[in-house]
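Heads up: the structure comes next, in structure tokens.
The values are calculated or read from the model by the stated rules, or taken from the named source; none is laboratory data. Treat the numbers as computed from the prediction; the structure is a model and nothing was measured. Using ideal geometry, Cβ is built from the backbone for each residue, glycine included, and neighbour counts are taken over all protein chains shown.
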Amino acid sequence: MVGKVYIVGAGPGNFELLTIKAYRLIREADVILYDRLVGEEIEDFLRSLKGKEIVYVGKERGERGEKRQQEINRLMKRYADEGKTIVRLKGGDPGVFGRLMEEMEFLHRHSIPFEVVPGVSSVNGAPACSNISLTHPEKSFGFLVVSGRDSGRIKDLWKEGTLVILMGGCTAREVALNLMRSGVGPETDVAVIERGSFEDQRITFSTVKDLAGRENDFMSPALIVVGGVVGLSKKFHDF
Ligand code: SAH
């Protein structure tokens, strides 16, 4: 029996911002592969657990990310082949600058079952812990997240980034028309995620153009994800 990999977000570092699900999975797992970014509080907790393999897989100073990733992939496969339950623990949320796609691609290619467990991202976690509201009725109609390296490319975001639209489920048609008017290509991939993370979560893949021709019949709450990453994830949907 092949094991299973849980790709788990550990939150921004404060132990209490670990989710209950992350906590449960960590306690139940046979192996934990964790990064530097999980922080000392969570690392101390991991180290206090008995009867598990706790493996640090963070990058060493000056080490190339690619080489490290290959090593992580090799370990995930090795433990999965042994039938183990593995928690691959990452700082913040796995889907934010977390090489999530690469790890899912690898697991999918080797037919290793996986599940992604969200974490509190530093994107919203660090500002909230600093009393900063990212949106505001007058001062901020949305927020962008970019890496320092790409901070000079903000204007390309609409073409090469990902847009997450909240509070647009019941006006999805109008949203799609607005996007096209704003220059987003009609063939750009879109996913509408209804009741995300609930038992009855539903995801509808489409394009901006097709969404503009659909009825607004999505369940609430729903959000809309727009961009190339949506197309890349379609294949995991039935897996
Ligand atoms: N997946 C992570 C981000 C990984 S990129 C997340 O969702 O948070 C690593 C960067 O995240 C760091 O260089 C830093 O900019 C930011 N970061 C992570 N944890 C942080 C924290 N506790 N406080 C401030 N910034 C943090």
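Quick notes
- Glu215 being acidic (Asp, Glu), over 27 Å from Thr19 (Cα atoms), out of contact with any strand residue (DSSP E or B) (no Cβ under 6 Å at 6 or more places or on another chain) and modelled with pLDDT of 95 or more: no
- Considered as a group, the residues in the range 111-141 that are within 15 Å of the chain's Cα centre (by Cα) and more than 16 Å from the ligand (Cβ to nearest atom) include one that is surrounded by the most Cβ atoms within 10 Å (Cβ to Cβ), and that residue is Phe114.
- If you filter the range 142-166 down to residues that are of a type outside the set (A, V, I, L, M) and part of a loop (DSSP other than H, G, I, E, B), you find that the one that is farthest from the ligand (Cβ to nearest atom) is Gly142.
- Scanning the range 46-61 for residues that are touching a strand residue (DSSP E or B) at 6+ places or on another chain (Cβ under 8 Å) and in a helix (DSSP H, G or I), we see that the one that is farthest from Pro12 (Cα to Cα) is Arg47.
- Being at positive phi and more than 20 Å from the chain's Cα centre (by Cα) holds for only one residue in Gly168, Gly152, Gly183, and it is Gly183.
To keep it simple, each residue is scored yes or no on (1) at negative phi; (2) surrounded by 12 or more Cβ atoms within 10 Å (Cβ to Cβ); (3) more than 15 Å from the ligand (Cβ to nearest atom); (4) outside any helix (DSSP H, G or I).
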residue	(1), (2), (3), (4)
Glu16	yes, no, no, no
Leu25	yes, yes, yes, no
Asp44	yes, no, yes, no
Glu63	yes, no, yes, yes
Arg68	yes, yes, no, no
Arg74	yes, no, yes, no
Lys77	yes, yes, yes, no
Leu107	yes, yes, yes, no
